[in-house]
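Encoded as structure tokens, the structure appears first; notes follow it.
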Amino acid sequence: MSHSIFRGKWICDPRFAALVPLQVYGRELDTQSKTFKEQLKNAHPQELTNVHVLFRRSFTLAKQPGRYILRISADDYMKLKVNGCFVGQGPTPGYTFAYYYNEFDITDSLHTGSNTILAHVHYQGLINRVCMSGDLRMGLIADLIAPDGSVILSTDDTWEYAPINNYTGSRKCGYDTQFLEDYDSRIPAAAFAPAAVRQYDDIEFAPTPAVPVMIYEKLPAITEELPGGGLFLDFGQEITGTLKISASGESGTVLRILCGEETDGSPEKVRWKMRCNCVYEDTWTLKGGADTWEMYDYKAFRYVALVPAEGSASIGIGSVSAIVRHARFDDDACTLNADDKILEAVFNVCKNGVKFGTQEVYVDCPSREKGQYAGDMTVTSGSQLWLTGDPYMLEKAIREQARSARIDEGLMAVTPGSLMQEIADYSLQFPLLLLRHYHWTHDKAFLAEMLPTAEAMLDTFRRYAREDGLLDGVTSKWNLVDWPENLRDDYNFKLVRPIGSGVHNVINAFYVGCTLNIEEIKDILGIPHDNAGERLTAAFNALFLDAETGLYVDAEGSRHSSLHANMLPAFYGFVPEANRRSVGDHLVNRGVVCGVYMTYFLLRGLCRLGRHEDVYRIITSQDENSWYNMVREGATTCYEAWGKDKKWNTSLCHPWASAPIVVLIEELLSVTPDGDIGEPHLPAGIGRIQMRIPTNRGWVEVCVER
């Protein structure tokens, strides 16, 4: 299958050459079972995890005018050098039936005569949300394409490999997200030997190459000496990346590298046993003399402590820098200047959260999980679009979720990834992403291509419909409502996994909204439909609207009206005219008793009810549950929860909290993706707001004074 794109063959560490790939795809309830996990663990040799390998090919070139393109992919990941110069890294994670590759222009790195391509490939061998690993597929595939389009070099058995034996540890962090790097520079480099060709060439490639992440160097803003030796570094804000360190010392001296999002009262000053369930402690054993080492896998951090391990001799630490990484991002593309400095601060922490939380995929967080969650994308993709004006990431993310239909037509929650997870609320938001893409691109062909996936997904939920059309007991997927659990506003329905029988509000609100969204897509495409959304809306209101209070209740038979039960009908436009005031008052008076993720639906629902001034007050609130509370706690990127202690494992970079960006631009300033600017909806007395905003027709400047 790969030969439709590559002439080259998958080469690998010979230990992997004859291994039959393991099946990691399946429904969550199956793959998370004890039996499945044990079978997979027993089938995957422990010694074939955390494998680092160099692949090399030297060749002679009579360089011609024009561009030389290296088409390349790796399993799981690679960092590429040509003639000793760094070229790029990748690929973007992808399913094995639509795997990604990169195309690097290496013209300037090549010269007439002898040249060398060197790739450092890492195979994790872990089942996680990060990449498609744990399946015994490992290797590299590449073609070098000359200016005339001919392939002049490909991966085959003439390439060489050498294992990198310097990574001596097996400690992991996060949810088996990555291996900590215990690197011993004393271990000599292994000799190169012929690489093996992988016997099972079953990878199918995506039709187009992926755009690689941006890579650049950043120096620390503050450097301080620590008592007893070592350095404390502050990079000025939360970043994502690796560290490059130069140091000198006696052979066998161990340098501890401690990274964290916060400081604490310890001698090292860095909280490296992080609240987000990552323990960021790496070690570097010096070979003796002066040396430089760069980490391989990225972390999310602001602070670093470099300290000699207990019993080690002193270490002379030279230069230290961070090699920062994220998807392409121009800081000047979308800017805000406001008299209201709270609004400005909130905007900036959300902007930074999206910047560093968009890697090769939209990650839920760049620390604990590094996974692309479908529901998070509802918020993050909107913010990222307005911050960059670039729909590439959104389209790629939509395609990944659509591809997950090969595992289950109801769609997966983490796409891609070898950890199978399913959340009903997230699947039902898929048409929201399609409509966002259409409004930015006006691409009807893409909308038509994705429509069958959306319809098939909806059909999987219809199996749970009772006579009035509402869903009863969607047992196949997790019914989330909100996260963390303590921010569900006492939602009156037992949210066990799998869910029990009964008809509850939130899953049905998403279901009715999904039906309406698909009908809207059909209207755009000129496809007739039976207006099932109207009938479902009527059934929803008949069941959940309490005639006495004028509010929506949480479930059939319940009298409790949570924030969540009322925000989604407002968001999707279900609320009858007679109930708009009561529902709006309830949403405002309850306060923000939901998680940061669900505030996206709360704010947009309030805007749909005409409560724009209330929305501005929520965005700029200084309450305990507010974005400004993150700022008050020292945030430079938006948090997973309203405060550091609001969740037991809060990550301090979580772009699902970036709703103010979308709501401010689309709802309060009334800017459309086409660059049209309507009447702003802002309260009096807030002063001047000035924004530069990218749209699909170029930049617009908005200046409003209230």
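The values are calculated or read from the model by the stated rules, or taken from the named source; none is laboratory data. No experiment lies behind these values; they were computed from the predicted model shown. A quick note on method: Cβ atoms are made from the backbone with ideal geometry, for glycine too, and the neighbour counts reach across all protein chains shown. Ligands, DNA and RNA are stripped out before the accessible areas are found, and what is left, the full protein with its side chains, is counted by its heavy atoms. Shrake-Rupley method; radii C 1.70, N 1.55, O 1.52, S 1.80 Å.
Filtering the range 108-136 to residues that are in a loop (DSSP other than H, G, I, E, B) and more than 27 Å from Pro45 (Cα to Cα) leaves Leu110, His111, Thr112.
The set of residues in the range 341-368 that are among the basic types (Lys, Arg) and either assigned to a helix (DSSP H, G or I) or open to solvent by 10 Å² or more (accessible area, probe 1.4 Å) (or both) comprises Lys341, Lys351, Lys355. Residues of the range 114-129 that are touching a strand residue (DSSP E or B) at 6+ places or on another chain (Cβ under 9 Å), open to solvent by 20 Å² or more (accessible area, probe 1.4 Å) and over 19 Å from Tyr161 (Cα atoms): Arg129 alone. Test Lys81 against the stated conditions and say whether it is in a loop (DSSP other than H, G, I, E, B), open to solvent by 40 Å² or more (accessible area, probe 1.4 Å) and under 30 Å from Tyr216 (Cβ atoms). Here the answer is no, as Lys81 does not meet what is asked.
Just one of the listed residues (Lys273, Lys218, Lys287) is under 25 Å from Lys351 (Cα atoms), of a type in the set (Lys, Arg) and either in contact with a strand residue (DSSP E or B) (Cβ under 9 Å, 6 or more places away or on another chain) or buried (at least 16 other Cβ atoms within 10 Å of the Cβ) (or both), and it is Lys218.
Considering Leu495, Leu551, Leu480, the condition of being without any contact (Cβ under 8 Å) to a residue 24 or more places away in the chain and closer than 21 Å to Leu602 by Cα is satisfied by Leu495 alone.
How many of the residues in the range 454-488 are part of a loop (DSSP other than H, G, I, E, B), in contact with a Gly (Cβ under 7 Å, 6 or more places away or on another chain) and open to solvent by less than 60 Å² (accessible area, probe 1.4 Å)?
Within the range 454-488, residues that are part of a loop (DSSP other than H, G, I, E, B), in contact with a Gly (Cβ under 7 Å, 6 or more places away or on another chain) and open to solvent by less than 60 Å² (accessible area, probe 1.4 Å) number 7.
Selection over the range 318-340 of residues that are open to solvent by 10 Å² or more (accessible area, probe 1.4 Å), β-branched (Val, Ile, Thr) and closer than 15 Å to Gln359 by Cβ gives a count of 1. Taking the range 576-622 as the region of interest, none of the helices (runs of 4 or more DSSP H) fully inside it holds 1 or more residues being at positive phi and open to solvent by 30 Å² or more (accessible area, probe 1.4 Å). Of the residues examined, Glu181 is one that is open to solvent by less than 50 Å² (accessible area, probe 1.4 Å) and of a type in the set (D, E, K, R). Any residue that is modelled with pLDDT of 95 or more, open to solvent by 20 Å² or more (accessible area, probe 1.4 Å) and of a type in the set (Asp, Glu) - is there at least one of those in the range 130-141? Scanning the range 130-141, I find no residue that is modelled with pLDDT of 95 or more, open to solvent by 20 Å² or more (accessible area, probe 1.4 Å) and of a type in the set (Asp, Glu), so the answer is no. Of the listed requirements (1) open to solvent by 10 Å² or more (accessible area, probe 1.4 Å); (2) within 19 Å of the chain's Cα centre (by Cα); (3) among the hydroxyl-bearing types (Ser, Thr, Tyr), Ser383 misses just one: (1).
Per the conditions (1) touching a Phe, Trp or Tyr at 6+ places or on another chain (Cβ under 7 Å); (2) buried (at least 19 other Cβ atoms within 10 Å of the Cβ); (3) outside any strand (DSSP E or B), the sole criterion not satisfied by Val87 is (3).
Just to verify a result, which residue in the range 1-26, among those that are in contact with a Lys or Arg (Cβ under 9 Å, 6 or more places away or on another chain) and at pLDDT below 95, is least open to solvent (accessible area, probe 1.4 Å)? Taking the candidates together, the pick is Ser2. For Glu225, the test of being out of contact with any Pro (no Cβ under 8 Å at 6 or more places or on another chain), without any contact (Cβ under 8 Å) to a residue 60 or more places away in the chain and open to solvent by 60 Å² or more (accessible area, probe 1.4 Å) is passed. Scanning the range 422-437 for residues that are more than 15 Å from Glu455 (Cβ to Cβ) and among the small types (Gly, Ala, Ser) yields a count of 1. Checked against (1) of a type outside the set (Ser, Thr, Tyr); (2) at pLDDT 95 or above; (3) open to solvent by 30 Å² or more (accessible area, probe 1.4 Å), Val53 passes all but condition (3). Of the residues making up the range 430-453, those that are in contact (Cβ under 8 Å) with a residue 60 or more places away in the chain, surrounded by fewer than 18 Cβ atoms within 10 Å (Cβ to Cβ) and among the hydrophobic types (A, V, I, L, M, F, W, C) are Leu435, Ala448.
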